[in-house]
Every structure is written in C-alpha cells, then in structure tokens.
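Here's the structure, in structure tokens; my notes come after.
The values are calculated or read from the model by the stated rules, or taken from the named source; none is laboratory data. Remember, predicted model here, so these are calculated numbers, not experimental data. For neighbour counting, all protein chains shown are included, and Cβ atoms are generated from backbone atoms with ideal geometry for every residue, glycine included.
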Amino acid sequence: MPQYLFGVLLIVLTMTAIVAVLLGFSVYVLGAEESLALTWGWKIYSPIEEGFTIKHPQSFTVNPHYMYEGLGRNSRIKGTSFSVSPSLTDGTNLSPQSMLSVERMPHVIECTADKFLYRPSAKKILEEEGVTYSFAAEREVNDGAAREERVYALAGSNPCTAIRYTIRASLIRTDDIVAVREFDQTRLMDTFDAMRRTFTSRH
C-alpha cells in the first residue's frame with residue numbers, strides 16, 4: 001500500500017474512533033441528566049438500622065417491615081417496600097400492590113437473583129454505571145391477573161442484597177363494564193429503574 005494511502009486510512013480510522021467515543025459520552029451524559037431530572041424532588045430513605053440509602057417518589061408508600069413470601073412462609077425474605085402511588089394506578093389496570101422492594105438474604109455464599117424467585121428465568125449478568133447485577137425474572141398469569149417480578153441482586157453484596165420490581169395488573173377484557181386503560185409500563189419501569197440507580201449500601 002502506498003504510504004500516502006496508509007496515512008489517509010490512519011486518519012479516517014482515528015476520526016471514526018473519536019466520533020464513536022464522543023457519541024458514547026453524549027449518550028451517557030444524556031442518560032444521567034434524564035435520571036437526575038426524574039428523581040428531582042424525591043424523598044431520601046436512609047434509616048441507620050437498615051444500612052442503605054435510596055430515593056423514591058414523594059407519593060410512594062414505604063413499609064420498612066415488608067416480608068416477601070413468594071418462596072413460601074418458611075422462606076420469607078425481610079425487606080423494605082415502596083408501593084406505587086395512585087397517580088400510576090388510578091383508572092388503569094395496575095394494582096396498588098405493585099412495588100419496588102429492597103430485600104436482604106443473609107448467609108448466602110454467592111449472591112444471585114435466582115435465589116429470590118420461585119421459578120426464575122431470563123437469568124443474566126448486567127453491568128450498569130459501574131454496578132454489577134445478577135438479574136432474573138418471573139412471570140405468571142392466573143385468574144384474570146398478571147404478576148411479573150424482576151430481581152436485580154448486587155453481585156458480591158453481603159448480606160446478599162436484591163432490588164425487586166413487583167408488577168401486578170388485571171387483564172383487560174373487551175366486555176368490562178368499567179372503562180380501564182392499560183397502565184403506562186414505560187413510565188413505571190423508568191421510575192423503578194431511576195430508584196434502583198439511587199440505591200447505595202453502607203455494608
């Protein structure tokens with residue numbers, strides 16, 4: 001290859017790499033700005049005895065004595081739940097029992113999301129903003145209602161700590177007498193994701 005062509009190729013490759021880096025940085029900054037805008041005005045939940053901090057919308061209901069019983073009464077998991085506000089459920093098929101919860105499981109050798117679910121699926125490792133999560137999900141449709149759970153376990157945490165999304169919704173039928181609209185899943189997931197990203201542990 002002639003030397004001048006090699007020089008041109010080198011310049012093109014260098015410019016391409018610079019553009020890719022700038023685009024990636026722009027996406028990261030925009031994502032951070034969107035997250036900050038969404039959490040503006042949220043409450044900070046940071047009890048000393050629970051050893052973690054998280055932000056949540058003002059209208060969410062906090063239960064520091066929450067117990068997850070999806071694994072059976074003999075395998076209950078202690079945690080703190082943040083139930084969704086009426087602004088997300090009113091007039092929709094979303095149940096007020098939908099929530100984000102922070103749960104901890106002691107005496108676990110390897111902290112993985114599947115330990116928090118009865119029938120885990122979609123298991124994978126996620127990397128987000130420098131945090132490594134073990135992810136798993138579970139979905140069930142029964143008696144005209146749907147339940148979905150998404151668990152993000154913090155890899156290497158001790159005690160094993162997980163953030164669970166619980167989404168409960170009724171199935172909309174065409175013959176329903178009362179008009180009910182489908183809940184805004186994007187808005188709900190954006191809210192839960194923003195909450196999860198504010199979580200920090202003091203353990």
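Looking at the stretch 148-185 only, could you name the residues that are free of Cβ contacts under 8 Å to residues at least 60 places away in the same chain, over 12 Å from the mean Cα position of the chain (by Cα) and under 27 Å from Glu69 (Cα atoms)?
Matches in the stretch 148-185: Glu148, Ala155, Gly156, Ser157, Asn158, Pro159, Cys160, Gln185.
Among the residues of the stretch 93-131, write down those that are under 21 Å from Tyr66 (Cβ atoms) and of a type in the set (Gly, Ala, Ser).
Ser95, Ser98, Ser101, Ala113
Taking the condition in a strand (DSSP E or B) and more than 24 Å from Tyr45 (Cα to Cα), does Glu103 pass?
Here the answer is no, as Glu103 does not meet what is asked.
Can you pull out every residue in the stretch 91-108 that is surrounded by fewer than 14 Cβ atoms within 10 Å (Cβ to Cβ) and farther than 20 Å from Arg76 by Cβ?
Within the stretch 91-108, just Gly91 meets the criteria.
Any idea which of (1) within 24 Å of Ser46 (Cβ to Cβ); (2) out of contact with any strand residue (DSSP E or B) (no Cβ under 6 Å at 6 or more places or on another chain) is the one Thr186 doesn't satisfy?
The failed condition is (1).
Table: residues versus (1) in contact with a Cys (Cβ under 6 Å, 6 or more places away or on another chain); (2) surrounded by 19 or more Cβ atoms within 10 Å (Cβ to Cβ); (3) over 22 Å from Asp184 (Cβ atoms).
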position: Trp42; (1), (2), (3): no, no, no
position: Thr53; (1), (2), (3): no, no, yes
position: His56; (1), (2), (3): no, yes, no
position: Thr61; (1), (2), (3): no, no, no
position: Tyr68; (1), (2), (3): no, yes, yes
position: Leu71; (1), (2), (3): no, no, yes
position: Asn74; (1), (2), (3): no, no, yes
position: Gly79; (1), (2), (3): no, yes, yes
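Residue-wise test of (1) under 17 Å from Ala162 (Cβ atoms); (2) modelled with pLDDT of 95 or more; (3) among the small types (Gly, Ala, Ser).
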{"residue": "Ser95", "(1), (2), (3)": "no, yes, yes"}
{"residue": "Ile109", "(1), (2), (3)": "yes, no, no"}
{"residue": "Thr112", "(1), (2), (3)": "yes, yes, no"}
{"residue": "Ile125", "(1), (2), (3)": "yes, yes, no"}
{"residue": "Glu129", "(1), (2), (3)": "no, no, no"}
{"residue": "Phe135", "(1), (2), (3)": "yes, yes, no"}
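Looking at Arg173, is it among the charged types (D, E, K, R) and over 27 Å from Lys55 (Cα atoms)?
Details: among the charged types (D, E, K, R): yes; over 27 Å from Lys55 (Cα atoms): yes.
Here the answer is yes, as Arg173 does meet what is asked.
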